[in-house]
1. Look at Asp21 and say whether it is of a type in the set (Asp, Glu) and under 11 Å from the mean Cα position of the chain (by Cα).
2. How many residues, within the stretch 13-27, are in contact with a helix residue (DSSP H, G or I) (Cβ under 7 Å, 6 or more places away or on another chain) and not acidic (Asp, Glu)?
3. Can you pull out the residues in the stretch 39-57 that are in contact with an Asp or Glu (Cβ under 9 Å, 6 or more places away or on another chain) and hydrophobic (A, V, I, L, M, F, W, C)?
4. Using beta carbons and a limit of 8 Å, which pairs, at least six apart or on different chains, have the first residue in the stretch 10-29 and within 17 Å of Ile40 (Cα to Cα) and the second one outside any helix (DSSP H, G or I)?
5. Please determine, by comparing only the residues of the stretch 28-57 that are in contact with a helix residue (DSSP H, G or I) (Cβ under 8 Å, 6 or more places away or on another chain) and in a loop (DSSP other than H, G, I, E, B), which one is modelled with the highest pLDDT.
6. Tell me which of these Pro9 doesn't satisfy, since it passes every other one: (1) surrounded by 14 or more Cβ atoms within 10 Å (Cβ to Cβ); (2) at pLDDT below 95; (3) assigned to a helix (DSSP H, G or I).
Amino acid sequence: MFVKHADCPPPRARKLKTESDNCLAIAIRERDSAVAALLIDEAAKLARRSKELAGKG
């Protein structure tokens, strides 16, 4: 039986956080600054939504 802890974020929040981290990892290697900026913006949106779902935003 799975017991959910109060400090454990829901699966969707964890997934969005991972996707946010991936966007940032790609952005720092991107040579085109416009593409990097788009990736950073997307990472920020994903991180914000992850925090909302986790109840921290």
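1. Working: of a type in the set (Asp, Glu): yes; under 11 Å from the mean Cα position of the chain (by Cα): yes.
Here the answer is yes, as Asp21 does meet what is asked.
2. Step one: list which residues in the stretch 13-27 are in contact with a helix residue (DSSP H, G or I) (Cβ under 7 Å, 6 or more places away or on another chain), which gives 13, 16-17, 19-20, 23-24, 26-27.
If we keep only those that are not acidic (Asp, Glu) as well, we get 13, 16-17, 20, 23-24, 26-27.
Within the stretch 13-27, residues that are in contact with a helix residue (DSSP H, G or I) (Cβ under 7 Å, 6 or more places away or on another chain) and not acidic (Asp, Glu) number 8.
3. The answer is Leu39, Ala43, Leu46, Ala47.
4. So the pair list comes out as Lys17/Pro9.
5. Glu30
6. (3)
The values are calculated or read from the model by the stated rules, or taken from the named source; none is laboratory data. Predicted model only: the values in this text are computed from it and were never measured. Here Cβ is always computed from backbone atoms with ideal geometry, including for glycine, and neighbour counts include all displayed protein chains.
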